[in-house]
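Here the structure is laid out as structure tokens; the discussion comes afterwards.
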Amino acid sequence: MIVLGIETSCDETGVGVVRADPDGSVTLLANEVASSVEEHARFGGVVPEVASRAHLQAMVPAVHRALATAGVTGRDVEAVAVTAGPGLTGALLVGVAAAKAYAAAWDVPLYGVNHLAAHVAVDTLQHGPLPPCLALLVSGGHSSLLDVPDLAGPVTPLGATIDDAAGEAFDKVARLLGLPFPGGPHIDRVARDGDRGAVAFPRGLTGPRDAPFDFSFSGLKTAVARHVEALERAGTPVPVADVAASFQEAVVDVLTAKAVRAARERGMDTVLLGGGVAANSRLRELAQERCAAAGIALRVPRPGLCTDNGAMVAALGAHLLVAGAQPSSLQLPADSSLPVTEVLV
């Protein structure tokens, strides 16, 4: 069964095509991504209206490229899946409207899926069937710990960011250090030449009375800003590599420590790391070290599957199709605040 997936929650127009086999395995056939990140760079962040217009321009060409790469036509597609939320409302509407049109034109079922659940499902394209796991999803808009017993749900949220998500903090700190947008890849690159212990930045929400599985990076971002400002007032050059490495270490230290703790308390022997920030080399390294020490298996998709893409949506749609899930209505809404507990809308 051929499933086409559409992702437009933020600034990437993603279209993926997968093949679902009766045994439950899912094979990636195409994964086309058109990013508008360069159009947002001069603003230092994603501009919703710019993102929406970029999706409108990229959608049809991306679908055509994905079908051609997969070696199939619209007549071969047996289901269409689309990110229904969470995300930017205008951006989501473009994808949802396109998916409805393709599903209606091809007379196939439509599956409106959760963006976060799709980040979990994408791992099956690389590592095969997913056992019950503790998912740590880290991106520009989300830092979440989820108990995932099954891809079709229900998903139990254990913790989430209460202010800045990790990816958002990376972008803001990169701006403080004069690094380009998006900040994550540039901080990761610069930090390799820095000293992770140069600056003792705070670890948010790690006290004995704090929520054990929630995240807060706003205070860390402020601490970096104050440190940089103090150096500049004193006329001292800012050691960008050291500050970047110390900031990055503070983020990944908290993320990995809470993930391992949650897995232990829930009795889970598998941790899945996903989301755009999962491409960070230090996060992957420290997660591997700590999971290995705790006797926990770590699953991390390759970097190209961590960032927003249509393949992850197609993968989740394929699992729902094989499981016999009830398709979404053609009146499917776009929900910018869709809760993670709703895998299928």
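The values are calculated or read from the model by the stated rules, or taken from the named source; none is laboratory data. Everything numeric here is computed off the predicted structure, so don't read it as measured data. Heads up, the Cβs are rebuilt from the backbone with ideal geometry, glycines too, and the neighbour counts pull from every protein chain shown. Accessible surface areas use protein heavy atoms only, side chains included; no ligands, DNA or RNA. Shrake-Rupley method; radii C 1.70, N 1.55, O 1.52, S 1.80 Å.
List the lysines whose Cα lies under 18 Å from the Cα of Lys221, skipping any in the same chain that are fewer than 8 positions away.
Within reach: Lys172.
Output the relative contact order of the chain, whole-number percent, from Cα pairs under 8 angstrom with separation of 6+ residues.
27
Leaving out ligands and nucleic acids, and using a 1.4 Å probe, what accessible area per residue does region 139-189 come to in Å²?
Counting only protein heavy atoms, the per-residue value for region 139-189 is 38 Å².
Using a 1.4 Å probe over the heavy atoms of the protein chains, calculate the carbon and sulfur portion of the accessible area of the chain as a whole percent.
It is 53 percent, rounded to a whole number.
Dipole magnitude of region 210-279 about its Cα centre, charges +1 at Lys/Arg Cβ and -1 at Asp/Glu Cβ only, in debye to the nearest 20?
100
Give the relative contact order (percent, whole number) for region 112-194; include only Cα pairs under 8 Å separated by 6+ residues.
19
Any idea of the accessible area per residue across region 27-99, 1.4 Å probe, to the nearest Å²?
With the other protein chains kept in place, region 27-99 gives 45 Å² per residue.
I need the semi-axes of the equivalent ellipsoid of region 122-255: take the C-alpha gyration tensor, multiply each eigenvalue by 5, square-root it, list largest first in whole angstrom.
For region 122-255, the semi-axes come out at 31, 17, 12 Å.
Please compute the length gained on full extension between Ser218 and Ala101, using 0.36 nm multiplied by the number of residues separating them and subtracting their Cα-Cα distance.
Extra length available between Ser218 and Ala101 comes to 38.0 nm.
If you restrict to DSSP beta bridges whose two residues both lie in the chain, what percentage is antiparallel, to the nearest 5?
60
At 4 °C and a viscosity of 1.567 mPa s, what translational diffusion coefficient does Stokes-Einstein give for the chain, taking Rh as the Kirkwood radius over Cα pairs? Give it in µm²/s as a whole number.
Reported coefficient: 64 µm²/s.
Can you tell me how region 35-179 classifies by the Cα gyration tensor, rounded, prolate or oblate, using a/c under 1.5 as the rounded cut?
Oblate, since a/c reaches 1.5 and b/c is not below a/b.
Please compute the net charge surrounding Gly153, taking Lys and Arg as +1 and Asp and Glu as -1 over other residues with Cβ under 14 Å from its Cβ.
Net charge around Gly153: -3.
When all C-alpha to C-alpha distances in region 231-345 are sorted into bins of 10 Å, what percent of pairs does each bin hold, rounded to whole numbers?
11, 29, 30, 19, 8, 3, 1
Assuming 0.36 nm per residue, please report the length gained on full extension of the stretch Glu285 to Val50 beyond their Cα-Cα distance.
Details: separation 235, 0.36 × 235 = 84.60 nm, distance 3.50 nm.
Stretched fully, the Glu285-Val50 segment lengthens by 81.1 nm.
Quick check: pseudo-label points 7 Å beyond the Cα along Cα→Cβ at Arg75 and Arg192, how many nm apart are they?
Placing both labels 7 Å beyond Cα along the Cβ direction yields 4.9 nm.
How large is the Kirkwood hydrodynamic radius of region 69-118, in angstrom, based on all distinct alpha carbon pairs?
Taking every pair of different Cα atoms in region 69-118, averaging 1/r and inverting gives 11.5 Å.
Ranking request for peptides 235-242, 177-184, 253-260: highest mean number of other beta-carbon atoms within 10 Å first, then the rest in descending order.
253-260, 177-184, 235-242
For region 193-295, take N as its residue count and report Rg(C-alpha) divided by 2.2 N^0.38 Å.
1.20
For region 222-345, calculate the relative contact order in percent as a whole number, restricting contacts to Cα pairs under 8 Å that are 6 or more residues apart. Walk me through the numbers before you get to the answer.
Details: 77 pairs, mean separation 23.1, N = 124.
Once normalised by length, the contact order is 19 percent.
Of Arg192, Arg209, Arg284, which has the largest mean-square fluctuation in a 10 Å C-alpha GNM of the chain?
Highest fluctuation among the options: Arg209.
Just the number please: accessible area per residue for region 227-345, 1.4 Å probe, all protein chains included, in Å².
Details: 4670 Å² over 119 residues.
Computed with neighbouring chains in place, this is 39 Å² per residue.
Roughly what angle does helix 218-233 make with the longest principal axis of the chain, taking Cα atoms, 0 to 90 degrees, to the nearest 10?
40
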